[in-house]
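Let me begin by presenting the structure, written as structure tokens, before commenting on it.
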Amino acid sequence: MARSTGRRTVVTVDVSASSGSRSRQDHLAAEEPLEIRVRKKPLAVTMRTPGHDIDLAMGFLLSEGVIGEATDVTTAQLCAGTDTPNTYNVVDIVLDPSVPPPVTDPSRNFYTTSSCGVCGKASIDAVKTKSRFDVTGFPLEVAAKTLVELPTKLRAAQRTFDRTGGLHAAGLFTTDGELLVLREDVGRHNAVDKVLGWALREGRLPLSDNVLLVSGRASFELVQKAWMAGLPLLAAVSAPSTLAVELAEESGMTLVGFLREPKMNIYAGAQRVTV
């Protein structure tokens, strides 16, 4: 079985059944630390579901403004680390000599969790990394009828979720509703970084003709990540936060929440959704 899942014995209790309880094997979503290094120097540690780790690391560097295109990276490789047995929970990125190294600041603690993304940053201004893409002028349009079908398509492609029930998903779609890539992770922000890292390595940036759909809610950090990749439209199956809406308005993005067939709420950039 892949490291994206694990098995444990659980006791299932059903108060409506005469048997009361029974033991069985259950699949759990894996969660392990991943250390991201730049030129062999530790930069960040994130708790994630193993798989597509290089995409995760490159997506993280993209959303933090360290890199902006695939040519900014010379090599990216999984390393064994110090664990016994080796778990390959380290990714080392070597940047092109023309790319400035990431600035480490005591006010920006790059330890991240699977739930909250980058934590410990001193202020909102510290995390509001500016994108190199001006999405305001991106003329993307998508039919509302197409948008409301996306959550069903996303869910149908979540293979690991079917076994564990414990993973978030992010999917990149065309405006016609075609799923280009899907990634799952215990952290919603990690799933997005994996998608963005894939797009970066495929040379697809900016993602001016695409829609990003995330399971759960749309946070400030997810809007920032989408902006850094040049995505004009971010949709979520749950609610956005106030800061997420403010950043979407500031950046010129379209932000959709509560995307559940047959309805949605458009919190910013409604001109891109045609009815």
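Tabulated data for the structure shown
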{"quantity": "Filtered residues of the stretch 176-195 (kept if of a type in the set (D, E, K, R), in a strand (DSSP E or B) and either in the same structural domain as residue 56 (by TED's automatic domain parsing) or closer than 16 Å to residue 210 by Cβ (or both))", "calculated": "183"}
{"quantity": "Search result, residues across the stretch 199-236 that are closer than 21 Å to residue 156 by Cα and either surrounded by fewer than 19 Cβ atoms within 10 Å (Cβ to Cβ) or at pLDDT 95 or above (or both)", "calculated": "210, 211, 212, 213, 214, 216, 217, 234, 235, 236"}
{"quantity": "Residue list for the stretch 203-245, filter: polar (S, T, N, Q), over 13 Å from the mean Cα position of the chain (by Cα) and over 20 Å from residue 260 (Cβ atoms)", "calculated": "208, 210, 242"}
{"quantity": "Matching entry among 3, 108 (being more than 30 Å from residue 133 (Cβ to Cβ) and either among the basic types (Lys, Arg) or modelled with pLDDT of 80 or more (or both))", "calculated": "3"}
{"quantity": "Close pairs from the stretch 65-86: first on the phi > 0 side of the Ramachandran plot, partner of a type in the set (S, T, N, Q) and modelled with pLDDT under 95, Cβ under 9 Å, at least 6 apart", "calculated": "65/129; 65/131; 81/87; 81/89"}
{"quantity": "Residue check for residue 27: surrounded by 12 or more Cβ atoms within 10 Å (Cβ to Cβ), out of contact with any Ser or Thr (no Cβ under 8 Å at 6 or more places or on another chain) and not assigned by TED's automatic domain parsing to the domain that holds residue 167", "calculated": "no"}
{"quantity": "Residue 46 vs. criteria of a type in the set (S, T, N, Q), within 24 Å of the chain's Cα centre (by Cα) and surrounded by fewer than 17 Cβ atoms within 10 Å (Cβ to Cβ)", "calculated": "no"}
{"quantity": "Filter result (surrounded by 20 or more Cβ atoms within 10 Å (Cβ to Cβ) and part of a helix (DSSP H, G or I)) within the stretch 237-271", "calculated": "244, 247, 248, 251"}
{"quantity": "Inter-residue pairs, beta-carbon under 6 Å, first free of Cβ contacts under 8 Å to residues at least 24 places away in the same chain and in the stretch 225-238, second of a type in the set (Lys, Arg), 6+ apart", "calculated": "236/217; 238/217"}
{"quantity": "Close pairs from the stretch 171-194: first at positive phi, partner surrounded by fewer than 23 Cβ atoms within 10 Å (Cβ to Cβ) and modelled with pLDDT of 95 or more, Cβ under 6 Å, at least 6 apart", "calculated": "177/146; 177/149"}
{"quantity": "Whichever residue in the stretch 74-96 is of a type in the set (D, E, K, R) and modelled with pLDDT of 80 or more and, among such residues, is nearest to residue 43 (Cα to Cα)", "calculated": "92"}
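The values are calculated or read from the model by the stated rules, or taken from the named source; none is laboratory data. These numbers come from a predicted model, not from an experiment. Here Cβ is always computed from backbone atoms with ideal geometry, including for glycine, and neighbour counts include all displayed protein chains.
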